[in-house]
Structure formats: structure tokens, C-alpha cells
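Right, one structure below, let's go through it.
The values are calculated or read from the model by the stated rules, or taken from the named source; none is laboratory data. Computed from a predicted model, the values in this text were never measured in an experiment. Glycine gets a Cβ as well: all are built from the backbone with ideal geometry, and neighbour counts include every protein chain shown. To get the accessible areas, we keep the full protein, side chains included, count just its heavy atoms, and leave off ligands, DNA and RNA. Shrake-Rupley method; radii C 1.70, N 1.55, O 1.52, S 1.80 Å.
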Amino acid sequence: MDTFTIRREAEADIPAIRGLTSRAFVDKPYSRQREAEIVEKLRDTDALTLSFMAVKGPAVVGHIAVSPVGISDGTANWYAVGPISVAPERQGEGIGSLILERALTELRGMGAGGVVAVGDATFLERFGFEDVPGLVWPGMDPQFVRALALADAAVPAGTILYHEAFSR
Ligand SMILES: CC(C)(COP(=O)(O)OP(=O)(O)OC[C@H]1O[C@@H](n2cnc3c(N)ncnc32)[C@H](O)[C@@H]1OP(=O)(O)O)[C@@H](O)C(=O)NCCC(=O)NCCS
């Protein structure tokens, strides 16, 4: 496999992250092509807990955003993982796996209780994400919603109170 560097975003990377995120979600059934805007709103409201990029030379080929979420049952310390974006011409090379693993390692180090994600269920389930019918992402088809307990023993039940950046 080709080698990529994973690092945190810097201010100068913001336009490249915007471009990459816009390109990655074209034609995805769980997308309304708002992901680039979501990342920017999270950043602008200090809710972008983690922002990692995969870089190959000068090119940004992958990006992952992490933001805090609430759960209606009162469970604290959970996060939304995503948008996760890999450049269309570089998908299937392991980049998405690398950036997701990096984010999960960081979240485990932070003592995060767990994470939720919206997107490609087949991809997410490779990392232990589960279909949890009792945990609801309002307005999203449940087939695209997955959750993974980290420090917590189990995935909670309830409604996910995601950041307003994800609102439609
Ligand atoms: C989904 C996405 C992040 C995966 O990143 P990626 O770099 O393409 O994935 P990887 O190369 O790390 O794939 C890891 C494994 O998952 C598999 N996989 C990746 N995407 C898949 C898909 N859509 N359906 C089935 N399997 C998939 C790969 O075949 C690979 O399997 P292998 O190790 O047996 O070869 C990327 O394709 C992407 O940006 N998609 C568009 C945006 C998107 O849907 N984001 C939401 C992500 S939840």
C-alpha cells in the first residue's frame, strides 16, 4: 500500500478539506451534499473536537471530523465521528480505515464513552460499529446509523442530540 501521513488540521488546510469533503459525498444516499458546510460550522463553533487529515505529498486525500453529541437518556461523553471523506480517486486504498482508526485511538485516549456515525454501514461495521435500533439519529434512515461503545459497557438507548451543524 502507498504510504500516507496522518496529522491534525492546520488553518492553511481548511480550503483543501472543504474541497475534499465536497467531492467525497457525491451520489451517496445518506448525503445532501452538506458535509463540507457541516465541517466548517463545527469548526466555527468550536465543536470540531478532532480533525485529522491523511496527506500524500501536498495533497489532502482523507479527512475525518469528530464532534460531541448528547444522548437523550443523559449519557455523556459521546461523540459523532464524521463526516469521513476520502478522495474519490483514492477510495479503497485503506485511507478511510487509517483515519478512522486514528480518530478512535484518540477518542479512547480521551476516555470517550462511545461514538455514533452516519454513513456507509458496511465500512463502519468493520470497526465494530453496530446497528442499535434503540439509538435514534433524528431524521436519518436507521440503515445508515451505527454506534460503537468505547469506554462505556454498552451503547445507550435514546435520541442522539447532534450539533446544530448537522441540522438540515
Ligand atoms: C467510506 C470511505 C470513508 C471508506 O474509505 P476508503 O479509504 O475508501 O476505505 P478503505 O480502503 O479503508 O476500506 C476498508 C475496507 O472497507 C471496504 N469498503 C470501503 N468502502 C466500502 C463500501 N462502500 N462498501 C463495502 N466495503 C467497503 C474496502 O473494500 C476495504 O476492504 P478490504 O480491507 O477487505 O479491502 C470512503 O470510501 C469515502 O470517502 N466514501 C465517500 C464518503 C462517505 O461515504 N463517507 C461516510 C463514511 S461512513
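Need one word for the stretch 87-168: rounded, prolate or oblate. Basis is the Cα gyration tensor (sqrt eigenvalues a ≥ b ≥ c); a/c below 1.5 gives rounded, then a/b vs b/c decides.
On the way: a/c = 1.68, a/b = 1.22, b/c = 1.38.
Cα axes put the stretch 87-168 in the oblate bin.
Run through the stretch 30-69 and list the GluC sites (Glu not before Pro) located in a DSSP loop whose Cβ has at most 16 other Cβ atoms within 10 Å. Before the final figure, lay out each step's value.
On the way: sites: Glu35, Glu37, Glu40; in loops: none.
Loop-located and lightly packed - none at all.
Under the classification rounded if a/c is under 1.5, otherwise prolate if a/b is larger than b/c and oblate if not, where does the stretch 1-63 fall, given a ≥ b ≥ c as square roots of the Cα gyration tensor eigenvalues?
On the way: a/c = 2.06, a/b = 1.19, b/c = 1.74.
It comes out oblate by the Cα gyration axes.
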Area accessible to solvent at Tyr30, 1.4 Å probe radius, in Å²: 40
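For the chain, give the percent of accessible area contributed by carbon and sulfur heavy atoms, probe 1.4 Å, rounded to a whole number. It would help to have the intermediate numbers written out before the result.
Values: 4010 of 7950 Å².
Using a 1.4 Å probe with all protein chains present, the chain comes out at 50 percent carbon and sulfur.
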Calculated from backbone phi, Karplus (6.51, -1.76, 1.60) coupling profile of the stretch 102-108 in Hz, x at Gly/Pro: 5, 5, 5, 4, 5, 5, 4
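Averaged per residue, what accessible area in Å² does the chain show with a 1.4 Å probe, protein chains only?
Values: 7950 Å² over 168 residues.
In whole numbers, the chain has 47 Å² accessible per residue.
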Computed over the chain, Kirkwood Rh from alpha-carbon pairs, angstrom: 15.9
Solvent exposure ordering (accessible area, 1.4 Å, most first) of His163, His63: His163, His63
Angle between the chain longest axis and helix 35-44 axis [Cα atoms, degrees, rounded to 10]: 80
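Using the Cα centre of the stretch 43-168 as the reference point, and only Cβ charges (+1 on K/R, -1 on D/E), how large is the resulting charge dipole? Debye, rounded to the nearest 20.
260
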